[in-house]
Amino acid sequence: QVQLVESGGGLVQPGGSLRLSCAASGITLDYYTIGWFRQAPGKEREGVSCISFSDGSTSYADSVKGRFSASRDTAKNTVYLQMNSLKPEDTAVYYCATIHYTRGCTIRSMDYWGKGTLVTVSS
């Protein structure tokens, strides 16, 4: 079965960093785009970043541009989200999801979702 497992969340102070991982099993990510999404308490889920697994090309939401960086490890069938200069407003459950690379990287289009990992940014 297809499974996506996020890890790396935790509690950090403002200005700190975390690296999230999204490990995939049951599929190879070679033909997929992987999106990172987040949902803060009481708010709707929003897009954070997308990465094409085949060539590593990325895109970012304006709110995280310059602070977050997505990458992938083809040998591990895993994608990462490096989160720097974290702000309290980054507090959310972070999810990874996949979509076939021929389709768009949007919330409503994603095929498979992980269960999320909680990131809390607080002093």
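Laid out as a table, the results:
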item	result
Cα point-scatterer Debye curve for the chain, base-10 log of I(q)/I(0) at q = 0.09, 0.10, 0.12, 0.21 Å⁻¹	-0.21, -0.26, -0.38, -1.18
Estimated FRET transfer efficiency (Gln13, Ile107; beta-carbon r; R0 35 Å; 0.05)	0.75
Stretch gain in nm, segment Ser63-Thr120, where the contour uses 0.36 nm per residue and the Cα spacing is subtracted	18.9 nm
Per residue value of the accessible surface for the chain (all protein chains in place, 1.4 Å probe), Å²	52
DSSP-assigned coil residues among chymotrypsin sites (Phe, Trp or Tyr not before Pro) in region 1-78, each with at most 13 further Cβ atoms within 10 Å	none
Inter-site label distance for Tyr31 and Ser54 at 7 Å from Cα along Cβ, in nm	1.0
With every protein chain in place, the chain: carbon and sulfur % of accessible area (1.4 Å)	45
Most mobile listed residue (Asp30, Asp55, Asp90) in the chain, GNM with C-alpha springs under 10 Å	Asp55
Using a Förster distance of 30 Å, the FRET efficiency for Ser85-Gln1 (Cβ separation, nearest 0.05)	0.20
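The values are calculated or read from the model by the stated rules, or taken from the named source; none is laboratory data. On a predicted model such as this, the values are computed, not experimentally measured, just so you know. Virtual Cβ from ideal backbone geometry, glycine too; neighbours counted across all protein chains shown. Heads up: the accessible areas ignore ligands, DNA and RNA and are worked out on the full protein's heavy atoms, side chains in. Shrake-Rupley method; radii C 1.70, N 1.55, O 1.52, S 1.80 Å.
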